[in-house]
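Worksheet for the structure shown next.
Every read-out reported here was derived from the displayed coordinates using simple, explicitly stated rules and does not represent laboratory data. The structure displayed is predicted, hence computed values, not measured ones. Neighbour counts run over all protein chains shown; Cβ positions are idealised from the backbone, glycine included.
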Amino acid sequence: MNAIPLLLALSLLAPPELKRAKDRFEFGAYGDAAGALRQMLAGDPALTDDEAVEAYRMLGISEFNLGDLPAARAAFVNLLSHDPDYALDPFLVPPAIVEFFDRVKKEHEPALAPLRERRRALREQQRLADEAKRRLLTEEQARTGPPTKVVRVQERLYLFNWMPFGAGQFQNGDRAKGTAIAAGQIALGAVNIAAIVIHNQLADDRTRTCTSGQPGCSNPPYSDSDRRVLRNVEVVKYVSAAMFWALYGYGVWDAHRHFVPIVETEMGPGGEPAGASLKLEWRY
């Protein structure tokens, strides 16, 4: 068995106790790792064969490094009871431990042979069962034809109806209207921001102020021309803001009007939509 995929799988799926023991083992704290593993295994945990192999592998290596060879032998025998064909990776495990493991394996070969044969028989039974299942499904498909209807169920979020920039329209599948609303709101928002910036810059520009009595300064501190510009910019600011929120309100209303919480789409054999979608409407 390749050790690398096993280690990756255990890092994601192993019980918490095994993960903690593995962390201590990889850190080189063999005493802590062996104690944690012995405590875990004494509780007869529900481990898969791969998890049990990894636990006894770490326990055997830890016990060997601690100098307790009988405990290491017992751990390796337990490992082989779960996988009689297991071999330590010489690239990951020191040669002395690999040699010790191989001696233990060779000494128990008479007992491992029946286990190995039993595992082969179980794998063969599983292969025959899988083959019979495939043959049954193939025969049924040949008799009735391939499946032609696959339904994809899509649940839509109600919150999107209240979002700007055409989010509700895009969710409802109306991309053209969603694009138009989004483009309109972006443009109006940009105009509004630009009007605010220009208005503030003109209003705060002290170099453009005038005093009473100067030509074209009937209402200081701004000249008549600047006051007209400020007034026009202010009109643009408020009008663009009003249009932005009006367009937002229309988008919310339109999204609610066409909203359905669940859509079922019939898919073709290639995964593409085969026909019209079935929309499950609100019921009040």
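Taking the Cα centre of the stretch 67-206 as the origin, how large is its charge dipole in debye, to the nearest 20, when only Lys and Arg (+1) and Asp and Glu (-1) carry charge on their Cβ atoms? Intermediate values should be presented prior to the final figure.
Working: 20 positive and 18 negative charges, 138 e Å.
Approximately 660 debye in magnitude.
Hydrodynamic radius of the stretch 3-107 by the Kirkwood approach over all distinct alpha-carbon pairs: 13.5 Å. Listed by Cβ neighbour count within 10 Å, with the fewest neighbours leading, 62, 225 appear as 225, 62.
I'd like the Kirkwood hydrodynamic radius of the stretch 99-234, using the inverse of the mean 1/r over distinct C-alpha pairs, in Å.
Details: mean 1/r = 0.0407 Å⁻¹.
Across the stretch 99-234, the inverse of the average 1/r is 24.6 Å.
The modelled label-to-label distance for the pair residue 163/residue 140, using points 7 Å beyond Cα in the direction of Cβ, is 4.1 nm.
Percent of C-alpha pairs per 5 Å bin in the stretch 66-108, short distances first: 5, 23, 34, 27, 10, 0.
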